[in-house]
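Note sheet for the following structure.
Each value in this text was obtained by applying a stated rule to the coordinates, not by laboratory testing. Small disclaimer: the values here were computed from a predicted structure and weren't measured. Positions of Cβ are generated from backbone atoms using ideal geometry, with glycine treated the same way; all protein chains shown enter the neighbour counts.
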Amino acid sequence: MAKKGRRRDCPRKGGLQQAQHNAKKGGRPSNKSNGINKKKKNNFGSGKKKYTDDKETGSMLPLGYDPLQRILMVGEGNFSFSRALVRLFEGNGFSLLASCFDSEEILHKKYQDAKMIVDEIRSAGAFVKFGVDAKDLMGGTGLAKKKRKEGLSYEDLFDRIVFNFPHCGLGIKDQDKNVLANQQLLEGFFRSAVELLRPEGEIHVTLKSGKPYDMWNIVGSAHRASAKKLVHSTIVSFKPESFPGYSHRRTIGFKEGLDKAENEEIESRSRTYIFVLDK
Ligand SMILES: C[S@@+](CC[C@H](N)C(=O)[O-])C[C@H]1O[C@@H](n2cnc3c(N)ncnc32)[C@H](O)[C@@H]1O
């Protein structure tokens, strides 16, 4: 467990990787060897799992997330989705690299609650990076340098790369130009994410449904951008209430009293697209 308040910005090797190694050798590792103390109490209650059996994925946690997965969060708003994962993982954030596009300064101006949330997930052992462009994840995560020097190993890659509600937020009024700008963001993201995905990994992108989001043609974007390396595996309805404390944020920021604090905008009409590597 990280010391409270200690700041770490880059992925660390250790308990999680040992746990993944053990898991590959044969099922789930014991509490002792995986560096994850399941009996440990956290800040979020009794430590008992509240979420059992997500019917659509067959996993114990929503959308099949698991504390043993190495997860890269892209384009976070106020980091509340990353915090929700940490909560679902019983206060364990060691497997998580959470990132946003904004600089730290801009983030705090846009979302008043971000600082408190970032502090919380760091205390749980998560790594946080600001100014990470979804179109250049290799550079943003700091792995480009390692790739140049010694090449990347399996341990550097991710089991899950997650971008919830991508939107470039440029305020483009013309619908066609707006769709194009968001398609370019998606394509850049897929092109970049495919390089960092473990062979059995998944890319999750959650979008609202309906116009104009359906016009983005996310499946075609993934296919095209990854030179057909990525295939669309499934679509799962996204239930924000499954992610404790998650509060969706818009790209332009959050204004108390003006914007909807709850997840009204995304409830009932959002879906997670899951992509895997073509075998
Ligand atoms: C609608 S908001 C969703 C925020 C957050 N994912 C959530 O679910 O609340 C869209 C997000 O996309 C991010 N974004 C826009 N362009 C980006 C880029 N090139 N790279 C990474 N993130 C980007 C914005 O900064 C913003 O946080």
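Neighbour counts of other C-beta atoms within 10 Å: give me Thr234, Thr272 arranged from fewest to most.
Thr234, Thr272
Under 1.5 on a/c is rounded, so check that first for region 76-220, then, if it is not, pick prolate when a/b is larger than b/c and oblate when it is not; a ≥ b ≥ c are the square roots of the alpha carbon gyration tensor eigenvalues.
Because a/c hits 1.5 or more and a/b fails to exceed b/c, region 76-220 counts as oblate.
Search the structure for amide H atoms under 5 Å from the amide H of Glu202, placed 1.01 Å from N in the peptide plane, and list their residues when 5 or more places away or on another chain.
When sequence neighbours closer than 5 places are left aside, the close amide H contacts are Arg160, Ile161.
Neighbour counts of other C-beta atoms within 10 Å: give me Ile235, Ile121, Ile252 arranged from fewest to most.
Going from least to most buried by this count: Ile252, Ile235, Ile121.
Rounded to whole Å and sorted largest first, what semi-axes of the equivalent ellipsoid does the C-alpha gyration tensor of region 144-279 yield via the square root of 5 times each eigenvalue?
With the √(5λ) rule applied to region 144-279, the semi-axes are 28, 18, 16 Å.
Please list, ordered by chain and number, the residues whose modelled amide H lies under 5 Å from the amide H of Leu230; skip anything fewer than 5 residues away on the same chain.
Here the answer is Asp278, since their amide H atoms fall under 5 Å of that of Leu230.
Taking a ≥ b ≥ c as the square roots of the Cα gyration tensor eigenvalues, with a/c under 1.5 meaning rounded and otherwise prolate when a/b beats b/c, else oblate, which class fits region 202-258?
prolate
Residue by residue through region 115-131, what is 3J(HN,Hα) from phi via Karplus (6.51 cos²θ - 1.76 cosθ + 1.60, θ = phi - 60°)? Round to whole Hz and write x for glycine and proline.
So the Karplus estimates, Gly and Pro as x, are 4, 4, 5, 4, 4, 5, 6, 5, 4, 8, x, 6, 9, 10, 10, 9, x Hz.
Cut-off is 10 Å between beta-carbons; in what order do Ser268, Ser95, Ser80, Ser242 appear when sorted fewest neighbours first?
Starting with the residue having the fewest Cβ neighbours, the order is Ser268, Ser242, Ser80, Ser95.
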